[in-house]
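Quick notes on the structure that follows.
We did not get these values from a lab; they are worked out from the coordinates using the rules stated. Remember, predicted model here, so these are calculated numbers, not experimental data. FYI the Cβ positions are ideal-geometry reconstructions off the backbone, even for glycines, and counts take in every protein chain you see.
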Amino acid sequence: MQMTAAEQTAEQAEADMKQEEATPEETVKKSGKRKLVAREERATVGEMAVENPRMSCRNVDVYYNFGEKKAINNISLDIGRNEVIAMIGPSGCGKSTFLRCLNRMNDTIEGCQVKGEISMDGKNIYDKDVDVVPLRAQVGMVFQKPNPFPKSIYENIAYGPKIHGLVQNRDETDELVENSLKRAGLWNEVKDRLDQPGTGLSGGQQQRLCIARTIAVNPEIILMDEPCSALDPIATAIIEDLIDELKQEYTIAIVTHSMQQASRVSQRTAYFHLGDLIEIGPTDQIFLNPLHQLTEDYITGRFG
Amino acid sequence: MEAHIVKSYDDEINQLNTQISAMGASCEWQLAKALKALENMDVRLAEEVIKEDVNLNALYKELEENAVMLLAKRTPLAADLRYILAAMRTGSELERIGDYAANIARRVTELGGCELTLEAPIALIQEIGVLARRMITDVVDAFLKQNVESALEIWHRDDVIDRKFARLMTDLRASMNEDTSVVDCGTLLIFMGRCLERIGDHITNIAEGIYYIETGETYIGTLET
């Protein structure tokens with residue numbers, strides 16, 4: 001059907017209007033004045049999508065207490081391949097809740113409901129036919145407090161691969177244990193005492209043991225929930241160095257209260273506030289020149 | 001801008017502002033007195049200006065130390081980080097402006113005897129000087145108030161200084177061709193004009209810093225990009 005001239009003009013005018021709607025960056029350029037997105041505005045600012053994502057979350061809501069409390073609200077966010085994405089925000093903002101959705105850790109909490117879509121390589125991980133055991137091997141997790149099994153260092157690593165059927169015999173297991181400990185940067189420190197309990201290691205070593213244990217089952221994604229908050233600065237630096245190494249092979253999503261840590265290890269940063277994803281963008285931009293007032297308030301330590 | 005949760009952080013930032021303000025006042029004083037010394041061929045006043053520059057350099061050192069301490073202690077981010085970087089830069093620009101004012105004063109002590117034949121160029125130098133003085137006051141004020149519009153307006157005033165300096169060069173060249181006996185004095189006046197022209201450039205750098213705090217970007221002379 002042909003459009004009339006009037007319709008065409010109207011359509012053109014609408015297209016022009018759309019073009020004129022400037023992004024915050026453009027507003028800054030045009031006026032010379034920085035205009036942060038107002039505190040009241042809760043729609044996500046920044047580009048949440050990436051090309052060819054490893055994981056893709058769309059309109060995710062999470063409720064606790066059988067729907068009584070909404071913990072996160074309509075979050076859409078892609079997680080790219082071989083990237084480190086950092087989630088920051090004040091306590092109770094939903095960043096850990098969101099992280100735990102990514103390997104269905106929230107399933108273990110009674111009364112927790114997850115709505116929306118979370119897919120990994122195109123497959124919805126909340127589909128009924130998804131088995132969470134292999135899912136959690138594929139999407140491994142490292143917690144705030146190192147939690148080695150009360151077993152030997154060797155067994156801590158070997159246990160996962162054995163139950164997932166990744167190793168057939170002692171030789172294969174030995175090799176995998178050595179390999180995992182090497183990749184976690186712990187091998188040289190423990191190779192002569194593999195039969196000793198994992199709980200006897202220092203905090204930083206225990207955390208690397210947990211990372212080695214996660215790596216051993218051949219994951220694609222590693223979730224880290226404040227992995228360094230119980231560690232001293234040296235152990236923290238070693239873990240951060242390890243994260244730099246690991247991102248060559250894995251995708252890493254890290255929740256951290258340390259903005260310096262987020263700025264050092266990640267390529268993208270997401271800022272959460274009271275259950276909303278407020279801003280997502282390249283880490284450099286978030287920490288030098290954020291677009292949302294709430295992000296700015298938080299990272300500069302101001303009263304909102 | 002809202003207050004920081006940690007009050008001493010704001011106190012430290014205010015301290016930087018106070019130091020910038022003091023440096024601005026010292027710079028403006030130096031340039032005013034250097035121009036006065038030129039006007040009255042007052043060698044003693046010129047020497048006072050040269051002495052004041054030592055004071056300005058000390059203020060700058062203090063500012064820089066405080067800024068470095070802030071970076072180390074507070075690990076500032078976003079607007080705070082941009083502010084502290086711009087404050088350091090502003091301090092260093094003001095310090096350079098003081099050097100130029102002192103250089104003008106030094107030339108006054110070397111001048112002498114030819115002010116009558118070169119009355120017109122000297123008047124033009126005074127004109128440029130008045131513009132530069134006002135720009136110093138205004139740009140420091142814009143920095144303290146974080147007034148980006150005012151900063152950009154000041155940035156563009158530098159064009160006037162550049163044009164007047166170009167005229168000064170043409171005039172002095174003509175005078176020196178006409179009467180070779182004024183070459184020595186003429187050269188000193190070119191040097192003074194050049195100092196004022198450089199002062200204008202340093203002021204534009206400060207204005208760019210104010211723009212950077214606000215936008216996180218470098219101002220390139222136009223907003224239509």
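Taking springs between alpha-carbon atoms closer than 10 angstrom, which of A:GLN205, A:GLN138, A:GLN168 fluctuates most in the Gaussian network model of chain A?
Between A:GLN205, A:GLN138, A:GLN168, it is A:GLN168 that shows the largest mean-square fluctuation.
Using Cα pairs closer than 8 Å and at least 6 residues apart in sequence, work out the relative contact order for chain A, in percent.
Values: 546 pairs, mean separation 79.3, N = 304.
After rounding, I find 26 percent.
I want to make sure I understand the PRE zone here: with the label point 7 angstrom from the Cα of A:PHE66 toward its beta carbon, which residues in the range A:115-137 have backbone N atoms less than 20 Å away?
Counting backbone N atoms under 20 Å from the label point, the list is A:115.
Please give every one of the lysines within straight-line cross-link reach of B:LYS145, meaning a C-alpha to C-alpha distance under 18 Å, and leave out same-chain neighbours fewer than 8 residues apart.
Answer for B:LYS145, where 18 Å is the Cα cut-off: A:LYS33, A:LYS35, listed by chain and number.
For the protein assembly as shown, give the share of DSSP beta bridges that are antiparallel, in percent and rounded to the nearest 5; count only bridges with both residues there.
Working: 24 of 43 bridges.
Approximately 55 percent, going by the DSSP bridge assignments.
Pop a pseudo-label 7 angstrom from the Cα along the beta-carbon direction at both B:THR218 and B:GLU65 and give the gap in nm to one decimal.
If labels sit at B:THR218 and B:GLU65, their model points lie 3.2 nm apart.
For all pairs of alpha-carbon atoms in the protein assembly as shown, what percent lies in each bin of width 20 Å, listed from the first bin to the last filled one?
Cα pair-distance distribution for the protein assembly as shown, in percent: 19, 36, 26, 16, 4, 0.
Could you work out which residue, out of B:GLY200, B:GLY91, B:GLY112, moves most in a Gaussian network model of chain B, that is, has the largest mean-square fluctuation with Cα springs under 10 Å?
Answer for the Gaussian network model of chain B: B:GLY112.
Between B:ALA123 and A:LEU166, with labels modelled 7 Å along Cα→Cβ, what's the label distance in nm to one decimal, could you check?
8.8
Give the distance, in whole Å, between the Cα centre of the range B:167-215 and the Cα centre of the range A:37-84.
Centre-to-centre (Cα) distance: 57 Å.
Nearest 20 debye, what's the magnitude of the dipole of the range B:7-224 about its Cα centre given +1 on Lys and Arg Cβ and -1 on Asp and Glu Cβ?
240
To the nearest 10 degrees, how steep is helix B:183-215 against the longest Cα principal axis of chain B, on a 0 to 90 scale?
20
Setting aside same-chain residues fewer than 8 positions from A:LYS95, which lysines have a Cα under 21 Å from its Cα?
Output for A:LYS95: A:LYS69, A:LYS70, A:LYS115, A:LYS145, A:LYS247.
Check the straight Cα-Cα distances from B:LYS51 and name the lysines below 26 Å, setting aside those fewer than 8 residues away within the same chain.
Within reach: B:LYS33, B:LYS36, B:LYS61.
Over the range B:7-224, what relative contact order in percent results from Cα pairs under 8 Å that are six or more residues apart?
Values: 266 pairs, mean separation 60.3, N = 218.
Rounded, it is 28 percent for the range B:7-224.
For the range B:7-224, taking Cα atoms only, what is the radius of gyration to one decimal and the Dmax to the nearest whole Å?
When restricted to Cα atoms, the range B:7-224 yields Rg and Dmax of 18.7, 66 Å.
Can you tell me the length gained on complete extension of the stretch A:SER229 to A:LYS128, counting 0.36 nm per residue apart and subtracting the Cα distance? Please list the in-between numbers first.
On the way: separation 101, 0.36 × 101 = 36.36 nm, distance 3.53 nm.
My answer for the length gained is 32.8 nm.
Averaging the inverse of every distinct alpha carbon separation and then flipping it gives the Kirkwood radius. What is it for chain A, in angstrom units?
Working: mean 1/r = 0.0474 Å⁻¹.
Kirkwood radius, chain A: 21.1 Å.
Tell me, what ³J(HN,Hα) does each residue in the range A:52-69 have, in order and in whole Hz, if you take phi through Karplus 6.51 cos²θ - 1.76 cosθ + 1.60 with θ = phi - 60° and put x for Gly and Pro?
6, x, 6, 10, 9, 10, 10, 6, 8, 10, 10, 10, 10, 6, 6, x, 6, 10
If you line up the long axis of helix B:148-178 against the longest principal axis of chain B, both from Cα atoms, how many degrees apart are they, to the nearest 10?
20
Amide H to amide H under 5 Å from A:MET224: which residues, 5+ apart in sequence or cross-chain, H placed 1.01 Å off N in plane?
A:VAL142, A:ALA253, A:ILE254, A:VAL255
Test of understanding: in a Gaussian network model of chain A with alpha carbons linked when under 10 Å, which of A:ASN188, A:ASN289, A:ASN147 would top the mean-square fluctuation ranking?
Among A:ASN188, A:ASN289, A:ASN147, the largest GNM mean-square fluctuation belongs to A:ASN188.
Counting other Cβ atoms within 10 Å, which chymotrypsin sites (Phe, Trp or Tyr not before Pro) in the range A:34-126 have at most 10 and lie in a DSSP loop? Provide the component values of the computation, followed by the final result.
Working: sites: A:TYR63, A:TYR64, A:PHE66, A:PHE98, A:TYR126; in loops: A:PHE66, A:TYR126.
Those that pass, being in a loop and sparsely packed, are A:PHE66.
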